[in-house]
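Engineer: One structure coming up, written as structure tokens, with questions to follow.
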């Protein structure tokens, strides 16, 4: 090597050694550490931070059914000492960014004579605080921001640091301090548009915590005057639209959502949901045809496939007032299009169930409500608890409807001739065989399709359940063809009334293949004993009577009540059912101003003159007013109550049930219901007690008994 080259290399080595020092305040030293900090350590730190932020935003799921938080960061409530904290799911890239920021400070800080000579160190502290902030470690983050503001008050990033300091105060439940700090920041008249935008957004965050909604609107409006941060601008506009809707200012709400649609740089998720929000705002309007057409157009766009469940749901909401059948089809499409959004699926199930409920198709409505309860994650939410109570109120209806349907089927078959019975079950068995063949063909075709794919990919085991692709295909195809079926025998049959009715005596023993396809098996199980047939008819008649009363009193469905009670009378029931059935029909027809009321009145008062019902009709203001009459409801209640005191809970339940029928429609009924609930609680435990109390609270909410039931429910919740 030439001497001159050695000299040059030596000079560079000396200069490099001198410039590495953080204690010398020279141009070379400052430049070296500033450049090294910015383009080496901090560059890597900022890259890690950017990647972490992208991951955080990708994993964050907004709930558009609630007002969006201004900053998309899910933070658990501050845990008190001794409380278990949620597992930290923050991207690990923030830890890397924090390490780089600490390294920049430790190795390149030039604090000489109490003054920082490296112009990049304030950036390092800002990165340190932001990394800790997104890692949800707010106290250390605040320490970093406070240190930077105190020691680098004239640095170029001081205003941005003040905003992050304020946001950290908000997360630490100190919004008042955040507001004070931001007001101080706004005194600076030389703030850039980017800083103003971020500061107004942070101020809105603070006022959200103090429930100052008008202040929130004021600062969000100022924040969206500029669009430096397109993601946050779109989000702020969306929240403005939601706030205006909460304040019943629908036109202004629509303007805010329309601005998102017109904002070319807005992320698509906000654009599509802005259109859905405009649709929400038009629900109940008579002139929503344009909105419906706009959503139908969105549904045809393949790019909107991830949002189809929400689009179809809104179409259902828009059409349910004028076209229930079309609305129901949209709800079903929403359920079919739903992938991972369980909450949207819950809403679609609930909407469809409510339509069936309003149509008085209570069994179908109950099935939809059951689906919600199976997938609901927040089972203690007010909405789910209300749905559960509503579903429980259908238990009796579904039970009696099943009894009526099942026993009707048996009696119809019993009344057939031998030839008709054989023909009926021959047809039934043929149908069963076709269903079996169809399922077998589906299994075979599904297995072959997926096995071909598996062979090509060279993955998955040979056995069906070792291959996740095969299992996934099978599950999808099963649901597509059969829908959601419970795991039970003869699951292929959507209506198993006939099978269950005829084989009821062998309910605990599943049918073999030979029995399932054997006509003679069914024929020999047809009831022939007169006593047994009479028992089946009696159960059916009781079911029809109870359905009539429930539809009349609980669900206020007079047409359904008339149908059940009239059918009951056609069955020629015993007098103990005939008379009350006629009385309830009289009350219904009387309320409907029907001439049939007079016919029934004459029938009851002529043929059942001495009955309580005849006395009620002839002397409605006199009957049951005599407190000394031993047959008064009050006397009977006192008798049952004393049995409760004597721990005769089975008798209390039985007599209370009888009293509910006997004194139906009278003020004493809620008292019997509550007493029955207490007896059930003593006999069957807290869970049964709560269920019985729920029934009382729901059906008699304005009575003293209903209010008492609610109080007891709130008391025993903690013990269940």
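Engineer: For the range 633-719, list log₁₀ I(q)/I(0) at each q in 0.11, 0.16, 0.19, 0.24 Å⁻¹, using the Debye formula over Cα point scatterers of equal strength and ignoring solvent, two decimals each.
Structural biologist: These q points yield log10 I(q)/I(0) values of -0.26, -0.57, -0.80, -1.21.
Engineer: In 5 Å bins starting at zero, report the fraction of Cα pairs in the range 531-597 per bin as a rounded %.
Structural biologist: 4, 20, 29, 24, 14, 6, 3, 1, 0
Engineer: With a cut-off of 13 Å, note down the residues of the range 554-575 whose backbone N falls inside the zone around a label point 7 Å from the Cα of residue 386 toward its beta carbon.
Structural biologist: Counting only backbone N, you get no residues.
Engineer: Report the FRET efficiency, 1/(1 + (r/R0)^6), for residue 444 and residue 688, where r is their Cβ-Cβ distance and R0 is 41 Å, rounded to 0.05.
Structural biologist: Once rounded, the FRET efficiency stands at 0.30.
Engineer: Give the whole-number value, in cubic angstrom per residue, of the convex hull volume spanned by the C-alpha atoms of the range 319-399. Display every interim value, and only then the final one.
Structural biologist: Details: hull volume 7.1 nm³, N = 81.
Residue-normalised Cα hull volume stands at 87 Å³.
Engineer: Then there's this: Provide the gained length on full extension for the span residue 566 to residue 66, in nm with one decimal, where the gain is 0.36 nm per separating residue minus the Cα-Cα distance.
Structural biologist: Gain on stretching residue 566 to residue 66: 175.2 nm.
Engineer: I've got another one for you. For the pair residue 651 and residue 285, how long in nm is the line joining their label points, each one 7 Å along Cα→Cβ?
Structural biologist: Inter-label distance under the simple model: 6.6 nm.
Engineer: Show me 557-568, 320-331, 591-602 ranked by packing, highest mean number of other Cβ atoms within 10 Å first.
Structural biologist: Ranking the peptides 557-568, 320-331, 591-602 by packing returns 557-568, 320-331, 591-602.
Engineer: Calculate, in nm to one decimal, what residue 534 and residue 74 gain on full extension: separation in residues at 0.36 nm each, minus their alpha carbon distance.
Structural biologist: The residue 534-residue 74 span can extend by a further 159.2 nm.
Engineer: Set the Förster distance to 60 Å, then compute FRET efficiency between residue 607 and residue 231 from the Cβ-Cβ distance, nearest 0.05.
Structural biologist: Numbers: r = 79 Å, r/R0 = 1.32.
About 0.15, to the nearest 0.05.
Engineer: Here's another thing I want to ask about it. How many nm separate the modelled label positions at residue 378 and residue 554, each set 7 Å beyond the Cα in the direction of the Cβ?
Structural biologist: Taking the simple label geometry, residue 378 and residue 554 are separated by 2.9 nm.
Engineer: A further question follows. Hey, can you rank 57-63, 286-292 by average C-beta count inside 10 Å, highest first? Let's see the in-between values first.
Structural biologist: Values: 57-63: 11.3, 286-292: 12.9.
Ranked from most to least packed, the peptides come out as 286-292, 57-63.
Engineer: Could you give the length gained by full extension between residue 664 and residue 360, i.e. 0.36 nm per residue of separation minus their alpha carbon distance, to one decimal place? Provide the component values of the computation, followed by the final result.
Structural biologist: Values: separation 304, 0.36 × 304 = 109.44 nm, distance 2.18 nm.
Full-extension gain reported as 107.3 nm.
Engineer: Moving to a separate point now. Applying a 10 Å radius around every beta-carbon, put 153-159, 43-49 in order of their mean neighbour count, most first.
Structural biologist: Ranked from most to least packed, the peptides come out as 43-49, 153-159.
Engineer: Dividing the alpha-carbon radius of gyration of the range 218-373 by 2.2 N^0.38 Å (N being the number of residues), what value is obtained?
Structural biologist: Rg over 2.2 N^0.38 Å, computed on Cα atoms: 1.13.
Engineer: Another question about this same structure. If R0 is 25 Å, what FRET efficiency do you get for residue 214 and residue 95 from their C-beta distance, rounded to 0.05?
Structural biologist: The formula returns an efficiency of 0.05 here.
Engineer: For the pair residue 255/residue 54, report the inter-label distance in nm, with labels modelled 7 Å from Cα in the Cβ direction.
Structural biologist: It works out to 3.8 nm between the two label points.
Only the coordinates and a few stated rules stand behind these numbers; no lab work does. What you see is a predicted model; the values in this text were computed from it and never measured. Glycine also receives a Cβ, built like all others from the backbone with ideal geometry; neighbour counts cover every protein chain displayed.
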